[in-house]
Amino acid sequence: MTRSDPRSTELEQLRRLVQERTADLQRAKAEYDNYRKRVRRDHLAVREIAVANVLKALLPVLDAVDRACANEPLTPGLKDIADSLQEQLGSLGVTSFGEVGDQFDPTCHDALTHHVAPGADRLVCSAVLRPGYRLGESLLRPATVEVTGPAPPAKSGPAPECGVREASAPAKKPPLPVARG
């Protein structure tokens, strides 16, 4: 067999064709694998968002049960409801936060009032008006608190009101006269 033999050229063409089809198949398989991973990731993200939305909608119910437990005589039925609700939310990964004495963190606390305490070196939650909740690392609702701590830093001057410009230097040229007719 020589190189110019028609069989060897045909064999080379077949090998080249097999390599091309193998490369095409590998690309298609890689694209399908990436697609499958992307669909799975998107499905999990949608599920997490749906769970978080449902849990956010249930937080007022949890607040109402907590208020009832704090202000009403604790009956066995109310205790069972409160315990069951806490247990079910805990099994889903919901945790509450916001305790008196916690250091104030504006990323997870909403401060309604600020009490100045001379000598304080940091802001501390002095009252928890409404607990905050997390789902894993995701914040469902910030804790609503009152804070106590040092006075806020003094501003360098009064800030201009929104939409009001501060007086500037007088204009060098007088305004153009208005023609009246």
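Structural remarks
- The residue that is least open to solvent (accessible area, probe 1.4 Å), counting only those in segment 1-22 that are among the polar types (S, T, N, Q) and assigned to a helix (DSSP H, G or I), is 8.
- Residue that is farthest from residue 91 (Cα to Cα) [pool: residues in segment 101-160 that are open to solvent by 70 Å² or more (accessible area, probe 1.4 Å) and touching a residue at least 40 places away in the same chain (Cβ under 8 Å)]: 130
- Residue check, residue 77 on the phi > 0 side of the Ramachandran plot, of a type outside the set (Asp, Glu) and loosely packed, with under 11 Cβ neighbours inside 10 Å: no
- Note on segment 55-158: enclosed strands (runs of 3 or more DSSP E) holding 2 or more residues that are under 30 Å from residue 45 (Cα atoms) and not aliphatic (A, V, I, L, M) are 94-97, 109-116, 132-135, 138-141.
- Filtering segment 23-65 to residues that are β-branched (Val, Ile, Thr), open to solvent by less than 60 Å² (accessible area, probe 1.4 Å) and farther than 20 Å from residue 136 by Cα leaves only 65.
The values are calculated or read from the model by the stated rules, or taken from the named source; none is laboratory data. Remember, predicted model here, so these are calculated numbers, not experimental data. Virtual Cβ from ideal backbone geometry, glycine too; neighbours counted across all protein chains shown. In case anyone asks, the SASA skips ligands and DNA or RNA and just uses the protein heavy atoms, side chains included. Shrake-Rupley method; radii C 1.70, N 1.55, O 1.52, S 1.80 Å.
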